[in-house]
Amino acid sequence: MKLIIHGGFFSESSSSEETKIAKQKALSEIVTAGYEYLQLHTALETVTYVVGLLEDHELFNAGTGGQIQSDGKLRMSASIMDGESLRFSGVINIEDVKNPVQVALKLMDKEDRVLSGPGALAFARQNGFEPYNPITPQRQQEFEEKRNQQNNKGTVGCVAMDADGNIAAATSTGGKGFEIPCRVSDSATVAGNYANKFAGVSCTGVGEDIVNVGLALKVVTRVTDGMSLQQATDKSFEELKQFDGFAGVIAISNTGEMYHTDSHPYMVWASFDGRLQVFN
Ligand code: ASP
């Protein structure tokens, strides 16, 4: 069993040592709780559970504490992919729910599996998701000061391999902050979140860059075709360099390889496979 999570990028210019320590602590606690959960649950159940914990944590840019778009609204995107059934489900630009990843899970057994905006919200309400305001005072203040533009990235993601060797991935985001209303991030696309029987990947970074190279699906495809996880990821990151792309990934392959990398320092992450590791 393996578990790896990320909490997006750490911006040295806009974050303090205190924030770094708080993120290390939060990621360590969540990955440890997630690994315990994985003992008795599938990879799919575990990635949903873990991303839900990350969404609930105000330090990260997903769910509660997500970043606000340029019209003052917080729209969130999240997706899940089950590597065993090869099903992808997600919500794009949903408002006023607590856990977008749980709405994505509800969609997994439906015929229509990726919903956006008002349609996603209507589906959530029909399925019992109560109104919830995820905007924290901190994010509101940042929005008002208009200073969270390219920094403070903190999308969240999780990849898990369960006791049966099945892999799943989930990713959730509040977006870039100050984007044009309803801009679509990579997080609820196969560029930002993908898994099959061979590997699973969750991305963070600039959504447009991640979509440009189809990052998550590309890494998984390369592993499926025989590359090691590290080779597949590093080769795909070479392609980002063509346009100075900005991304980070966490990944697990069915050979038990666990890998993370980023194109710019640095993504915050933690992993557990009997041993806890956390970014430094
Ligand atoms: N990938 C997310 C987006 O482009 C942002 C992030 O990962 O921080 O919306």
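Please treat every number below as a calculation from the coordinates, not as lab data. The model shown is predicted, which means the values in this text are computed figures rather than measured ones.
Exceedance of the 23 Å cut-off in Cα-Cα distance is limited, within the set LYS98/LYS218; LYS106/LYS218; LYS2/LYS197; LYS23/LYS98; LYS197/LYS241; LYS176/LYS241, to LYS98/LYS218; LYS106/LYS218; LYS197/LYS241. Sort the chain into rounded, prolate or oblate with this rule: let a ≥ b ≥ c be the square roots of the eigenvalues of the Cα gyration tensor; rounded if a/c is under 1.5, and if a/c is not under 1.5, prolate when a/b is larger than b/c, oblate otherwise. Rounded shape, in that the Cα axes give a/c under 1.5.
Classify the range 49-95 as rounded, prolate or oblate, taking a ≥ b ≥ c as the square roots of the eigenvalues of its Cα gyration tensor: rounded when a/c is under 1.5, otherwise prolate if a/b is larger than b/c and oblate if not. Note, shape of the range 49-95 comes out oblate. Across all Cα atoms of the range 160-213, the radius of gyration (one decimal) and Dmax (whole number) stand at 12.9, 43 Å. Pick from ALA122, ALA43, ALA62: which residue has the top mean-square fluctuation in a GNM of the chain where Cα pairs under 10 Å get a spring? Result: ALA122 has the largest fluctuation of those listed. Using only alpha carbons, the range 128-280 has a radius of gyration to Kirkwood radius ratio (Rg to Rh) of 0.99.
The length gained on full extension between GLU17 and ASP244, counted as 0.36 nm times the residue separation minus their Cα-Cα distance, comes to 79.0 nm. With the chain treated as a Gaussian network of Cα nodes joined by springs under 10 Å, which of SER16, SER89, SER187 yields the largest mean-square fluctuation? Looking only at SER16, SER89, SER187, the largest GNM fluctuation is found for SER16.
Bridgeable lysines around LYS20 (alpha carbons under 17 Å apart, same-chain partners fewer than 8 residues away excluded): LYS153.
For the range 79-215, the fraction of C-alpha pairs more than 20 angstrom apart is 48%.
Whole-Hz Karplus values for the range 196-203 come out as 9, 6, 9, 6, x, 9, 10, 10 Hz, taken residue by residue from phi with 6.51 cos²θ - 1.76 cosθ + 1.60 and θ = phi - 60°; glycine and proline positions read x.
Kirkwood analysis of the range 1-107, using all unique Cα-Cα pairs, places the hydrodynamic radius at 14.8 Å.
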